[in-house]
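K.L.:
For reference, the structure I am asking about is given below.
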Amino acid sequence: MDYFTFYNLPRTFRLNEGRLKRSFFEKSRTFHPDFYIQKADKEKEEALQWATYNNQAYQTLKNEDKRMKYILELEGVLIEGEKYQLPPIFLMQMMELNEEVMELSFQMEAQRATALKAKLTTIEQEMMQSIEQSMKDFDQAADKTALKKIKEFYFKKRYLLRIRESLSKFGG
């Protein structure tokens, strides 16, 4: 059973977070181990497994990035350990950003680091806007073709995250 089915929610990128939270708390009350103290060991173990599953499901679905990855995996579009080839234009742009990070590693300048962070934020926002329609298309009609664009966005965003992490190592 996937997490969406577990919570009786539609498989969607734009999840109703209120419904998710209510479902989580409902399942928490149902499977909380304290309610199974007087039960047989088998029932205690099953309740503990469901409580653990409930927590894992909630942690995945409440986080937009984890939810995106989860949906892509459920739909068979994202395969663990896959070596995805990003578009050359994007890679060229990222090479320039990596060079800026490297320059900052040799000589940290707070103003340049701040400007680079702002540039990364702008790129992320533009990327998000570019896939917003694809996410809506999938949410409304389970459009499988939209998933290819979302997958590319997922890998681009991960690439940007690595640049942010490198930048933070140098005090940026």
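The values are calculated or read from the model by the stated rules, or taken from the named source; none is laboratory data. Note that the structure is predicted; figures quoted are calculated from it, not measured. Note that we place each Cβ from the backbone using ideal geometry, even for glycine, and neighbour counts take in every protein chain shown.
K.L.:
Considering only residues that are under 15 Å from the mean Cα position of the chain (by Cα) and without any contact (Cβ under 8 Å) to a residue 40 or more places away in the chain, which ones fall in the range 154-172?
P.N.:
The initial filter retains those residues of the range 154-172 that are under 15 Å from the mean Cα position of the chain (by Cα), namely 154-162.
Result: ARG158, LEU161, ARG162.
K.L.:
Separate question: Only one of these is of a type in the set (A, V, I, L, M, F, W, C) and under 29 Å from ASN55 (Cα atoms): MET68, MET92. Name it.
P.N.:
MET68
K.L.:
Is one or more of the residues making up the range 131-139 out of contact with any Gly (no Cβ under 9 Å at 6 or more places or on another chain) and farther than 16 Å from THR12 by Cβ?
P.N.:
No.
K.L.:
Tell me which residues, restricted to the range 123-153, are within 19 Å of GLN85 (Cβ to Cβ) and surrounded by fewer than 13 Cβ atoms within 10 Å (Cβ to Cβ).
P.N.:
THR145, LYS148
K.L.:
Moving on to the next point. When only residues in the range 96-122 that are of a type in the set (A, V, I, L, M, F, W, C), surrounded by fewer than 14 Cβ atoms within 10 Å (Cβ to Cβ) and modelled with pLDDT of 90 or more count, which is nearest to LEU160 (Cα to Cα)? Steps first, please.
P.N.:
Initially, the range 96-122 is screened for residues of a type in the set (A, V, I, L, M, F, W, C), giving 97, 101-102, 104, 106, 108, 110, 113, 115-116, 118, 120.
With the extra rule that they be surrounded by fewer than 14 Cβ atoms within 10 Å (Cβ to Cβ), the set shrinks to 102, 106, 108, 110, 115, 118.
Next, from what is left, pick out any that are modelled with pLDDT of 90 or more: 115, 118.
Values: ALA115: 15, ALA118: 12 Å.
Going through the qualifying residues, I end up with ALA118.
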